[in-house]
1. Would you point out which residue out of B:THR297, B:THR358 is out of contact with any strand residue (DSSP E or B) (no Cβ under 9 Å at 6 or more places or on another chain), closer than 30 Å to A:MET51 by Cβ, of a type in the set (S, T, N, Q) and loosely packed, with under 14 Cβ neighbours inside 10 Å?
2. Provide a single number: the residues in the stretch B:430-480 that are farther than 21 Å from B:THR176 by Cα, in contact (Cβ under 8 Å) with a residue 60 or more places away in the chain and among the charged types (D, E, K, R).
3. So for the stretch B:420-428 (the condition being surrounded by 21 or more Cβ atoms within 10 Å (Cβ to Cβ), more than 10 Å from chain A (Cβ to nearest Cβ) and either under 20 Å from B:THR636 (Cβ atoms) or among the basic types (Lys, Arg) (or both)), does at least one residue qualify?
4. Considering each residue of the stretch B:21-33, count those that are surrounded by 12 or more Cβ atoms within 10 Å (Cβ to Cβ), of a type outside the set (Gly, Ala, Ser) and over 9 Å from B:VAL489 (Cβ atoms), and give that number.
5. For A:THR30, are the conditions met, namely being more than 7 Å from chain B (Cβ to nearest Cβ) and either buried (at least 18 other Cβ atoms within 10 Å of the Cβ) or closer than 20 Å to B:LEU667 by Cα (or both)?
6. Please find, within the stretch B:120-140, the residue that is nearest to B:PHE577 (Cα to Cα) out of those that are surrounded by fewer than 23 Cβ atoms within 10 Å (Cβ to Cβ) and not charged (D, E, K, R).
7. Looking at the stretch B:130-153, can you tell me whether even one residue there is closer than 20 Å to A:TYR67 by Cα and among the charged types (D, E, K, R)?
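The values are calculated or read from the model by the stated rules, or taken from the named source; none is laboratory data. Given the structure is predicted, the values throughout are model-derived calculations rather than measurements. Neighbour counts run over all protein chains shown; Cβ positions are idealised from the backbone, glycine included.
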Amino acid sequence: MKGKRHLYWRRTRRLTFVLLLLWFCVTFGTTWFARDINQIVIFGFPLGFYMAAQGGLVLFLVIIWWYNRQMKKIDIEFGLEDE
Amino acid sequence: MLRSLTRLQRYYLYYTGGFLAFIGALAVLEQHGMPPRWIGYAFLMFTIAMYALIGIISRTSDVSEYYVAGRRVPAFFNGMATGADWMSAASFIGMAGTLYLSGFQGLAYVIGWTGGFVLVALLLAPYLRRCEQYTIPDFLGARYGGNSIRLVAVGAAILASFVYVVAQIYGVGVITSRFVSLQFEIGVFVGLAGILVCSFLGGMRAVTWTQVAQYLILIVAYITPVAILSYNVTGNPIPQLVYGEVLQKVTHLENRLFDSPAEIEVRQLFHERADVYAQKIMQLPQSLNNEREQLSTQINQLKASDAQMRDIVALERQRRELPHDPEQAKVRWEAAMFSAVERSRKPIHHAEAFPGDTEAEQNILRINFLALIFCLTVGTAALPHVLVRYYTTPTVHEARESVFWSLLFILLLYITAPAYAVFAKHEVLSHLAEIPIAKLPGWVTAWAKVGLVSIEDINLDGVLQLAELSLNPDVIVLATPEIAGMPYVISGLVAAGGLAAALSTADGLLLTITSALSHDVYYRIIRPDASTQFRLVISKSMLLVVAVLAATVAAEKPGTILSMVAWAFSIAGSAFFPALVLGIFWERATRKGALAGMVVGVSLSLYYILRVEFDSIPWLGISGFGMEPWFHVQPTAAGLFGVVAGFATIIVVSLMTQPEPGAEDFLTKIRLSNGKDA
C-alpha cells in the first residue's frame, strides 16, 4: 500500500520537475539570449521578440496540456481517477 | 448541433448572440443619428443590467456556494471566469500602451503574467483543490496549524488585494468619465454599484457566472478594433499573424526617422531646455525672483511703448502663473525638466532587446527584464483572488484542466496586446511623423483635448517631429477605433470591455478580502461556533464596508496608490509562494519556518521598495533613508529578493525546529486524488 503511494508521488514529482525545468528554460533562457537570437527572423518577427510575445506563451500552454495528459494517465494507472 | 452542448454552454451562447445583436442594433441606430453620448449610456446600462440579472439569479444563502460556488464550476467556465478575474483594467487599457512606449522591454509583462499560470498548474492548483478549503489562509492554517500563520496570511492577502481593488474602481471612474462624460466621482460610485449587484447577494457563485459574462464582453471588445485595423493596414483580419510584417515596416521607418536632421535638432532643443531648468533649480530662490523681475520689466517697457493690450495681458498672466514660492518652483521645474529629458532621449527601436549603448547598460536592462519576469510569474502564482478560483471546480482533474483553459483565455488578450502596440506605432510613424501640425488626423486633436496626447512644436517648423509628440499609454487602446476610422459604437464597445475587465477583477478581489476577514478572522479565530446564517450576515456586511471604503479611497484620485499596484505582485509573491510551495512539496517545512519565511519575505520586499522608491516619509518623520538599488534592480521587481529570502528562511528555520506531527497526514491527503487510500 505504502509503496504504491510512494511510487505515485514519485512519478508526479518527476513529471512536475521535468516540466518546470522546461518552463524555466523558456521563461528565462530564451529571454536571456533575446538580443542574440533577434538576428534570426521567423514569420517576419525577430526570434527574440517572437518568443516573448507569442512563442513562449504557446509553449506554456503546451506544458500545461502535457502535464494534464500525463497526470490523467498516472491517475488511471494507479486507480485514482476522479469519478 | 445545439443539442450536444450543455445547458450552461447554450445559455452563454444565447447571451453572446444577444450581446452581438445589441451592438448591431446600436450601430444601425448610430447611422440614423443616435448621439455618441447615448451610445455610451446604452452600453453602460445594458452591461450593468446583465451583471445585475446574473447576480440576482445566482443569489444564495449557502456557505459553500457563497465562498467557493458550491465547487460545481466546470473547468471550461472556470477558465473563463479566471481570465476575467485575472485581467484587470490595467491589462485591458494600460498594457498595449506600455508595450507601445517600451517596445521589447514591455514584453516582460506578457511573458510574466502568462508564465505564472504554469506554476499555478504544476505546483498549486491540484493540491489546493484536493485540500477542500475555502481560502488561501485556510490552506496555510490546515497545513501548518495555528492561528498566527492564518493572521499573517490574512494581513498579506489584504495588503496585496486592497490597493489592487482601489485601482480597479479608479479605472471604472476613468472609463465612465471619459466615454459617458459622467463626473469622475459619480463614475466611481456607478462602479461600486456594478460590483455590489453581483457579489453581495450571491458571493462566489454570482461572481463566477458574472465573470464568465464579463470575459465574453471584454475579449470581443479587445479584439474587434485591432482586427479591423489590421484588415485596413494589411488586408488580413488576424492581427497576431501579420503584425510581424508591420513590425518590419516599423523598423524601417525607425531607421529612417530617428536620425533625420530635424529629429536630432528637436532632441537637442529639449536637451537645452532640460539644462535651463536644471540651472534654474540650482539657483533657487534667486532664479525665481529674477524671472519675476524680468517679466515686470518687460511689462513696464511694453506699457511705456503703447504696445497691444493683448500682449501685456498675456505677459501679466504669465507673471501671475509663476510659482508662488521656491518650494513650488522646485516641484514644477523638476517635473518640466524630467519631461524635457525624456523627450531629448533617442527613442528606442521597438523590436530591439535590451537597447543600450554599452555592454554594461544592456546587462542592466537584461537583469531587470528577467527580475521583473520572475516577480510577475511568482506573483501571479500567489495572488489569493486567482488561486481561490481553483477551489471551485468539481474535481481535481477539472482543476488541472481549468488552468489550461484559464491560460488559453488569458493568452487571447496577451497575444493581441503587442499587436496593438505595433499597429499604433506604425500609424504614428507613417501618418504623424513629418506631417504639418495643421494637417494631423482628427484623433490626435480629439485626444489632445482630453490631455492624453500632447504636441509641442519646439523648433517652430510647423511640422511634427517624433520627439515633439507625447502619448499617454492609455490612449493606444482607447483611440484605436478612431485610428481605424470606425463608428462610435466600437468606441462604446471598448469602454464596455474596459468596464468588464475592471469590474470582474474588483469582484474577485473584494470577495478575497471579505472572506479573509469574515471566514478566517471572524469564524476561524474569533467565533468558531457561529451559525452559518450569522457567518453569511458577517460576510455580507464586511463586503459592503470594504467596497465602500475602496470606492471612497478611489474617489480621492490617489496618485501614489496607483503606482502601488505594481508592488502587489512582489508582496503576494514573497508572502505566499514559498510557504505554499514548500508546504506542499517538502514534508519538513514547519509552522515556525513558514511563519518566519512569510514575515521575512514581505518585510524585505517592503523595505526594498520603500528605501529605493522614497527618500523620506514625512508622516513618519523619517528622511534621508533612500538607498541605491541592489544589482540595479528596480523596486517593481523587489519580490525577487523577498521570494528568495522567504524560501531560504523557511528552509533554515524549519530544519532548526521539530517536524510538524500533523504534516504527514495532511500531505497524504493532498498529494493523492480524492484522498482515497491507494
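1. B:THR358
2. Going through the stretch B:430-480 one residue at a time, the tally reaches 3.
3. So far as the stretch B:420-428 goes, yes, one or more of its residues are surrounded by 21 or more Cβ atoms within 10 Å (Cβ to Cβ), more than 10 Å from chain A (Cβ to nearest Cβ) and either under 20 Å from B:THR636 (Cβ atoms) or among the basic types (Lys, Arg) (or both).
4. Qualifying residue count for the region: 1.
5. yes
6. B:LEU123
7. The answer is yes; a qualifying residue exists.
Residue-by-condition table, conditions (1) in contact (Cβ under 8 Å) with a residue 12 or more places away in the chain; (2) more than 14 Å from chain A (Cβ to nearest Cβ):
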{"site": "B:SER230", "(1), (2)": "yes, no"}
{"site": "B:LEU241", "(1), (2)": "no, no"}
{"site": "B:THR251", "(1), (2)": "yes, no"}
{"site": "B:ASP259", "(1), (2)": "no, yes"}
{"site": "B:LEU269", "(1), (2)": "yes, yes"}
{"site": "B:PRO285", "(1), (2)": "yes, yes"}
